[in-house]
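Each remark here refers to the structure printed beneath this line.
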């Protein structure tokens, strides 16, 4: 690891409203892809599991 540097990325997966299982799988897929690219910190939008419009 290079001292002093952290690879950070933002992710916005395609999600379905109120379909937590589908959304979880989409998130996990993006996490795997980011790990392959050397990302150490991956951030997602708030309420990404349930979708912002749900509730």
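Note on the stretch 1-19: among residues that are closer than 9 Å to residue 48 by Cα and surrounded by 13 or more Cβ atoms within 10 Å (Cβ to Cβ), the one that is modelled with the lowest pLDDT is 15. Within the stretch 3-19, if we keep just the residues that are touching a helix residue (DSSP H, G or I) at 6+ places or on another chain (Cβ under 8 Å) and in a loop (DSSP other than H, G, I, E, B), the residue that is farthest from residue 35 (Cα to Cα) turns out to be 16. Do we find that residue 37 is over 12 Å from the mean Cα position of the chain (by Cα) and modelled with pLDDT of 95 or more in this structure? Taking the combined requirement at face value, the residue satisfies it. Filtered by the rule that a residue be over 12 Å from the mean Cα position of the chain (by Cα) and within 13 Å of residue 14 (Cβ to Cβ), the stretch 40-55 gives a lone residue, 51.
Within the stretch 20-55, the set of residues being touching a residue at least 12 places away in the same chain (Cβ under 8 Å), surrounded by 12 or more Cβ atoms within 10 Å (Cβ to Cβ) and part of a loop (DSSP other than H, G, I, E, B) comprises 39, 40, 44, 45, 48, 49, 50, 51, 54.
The values are calculated or read from the model by the stated rules, or taken from the named source; none is laboratory data. Keep in mind that what you see is a predicted model, and the values were worked out from it rather than measured. Glycine also receives a Cβ, built like all others from the backbone with ideal geometry; neighbour counts cover every protein chain displayed.
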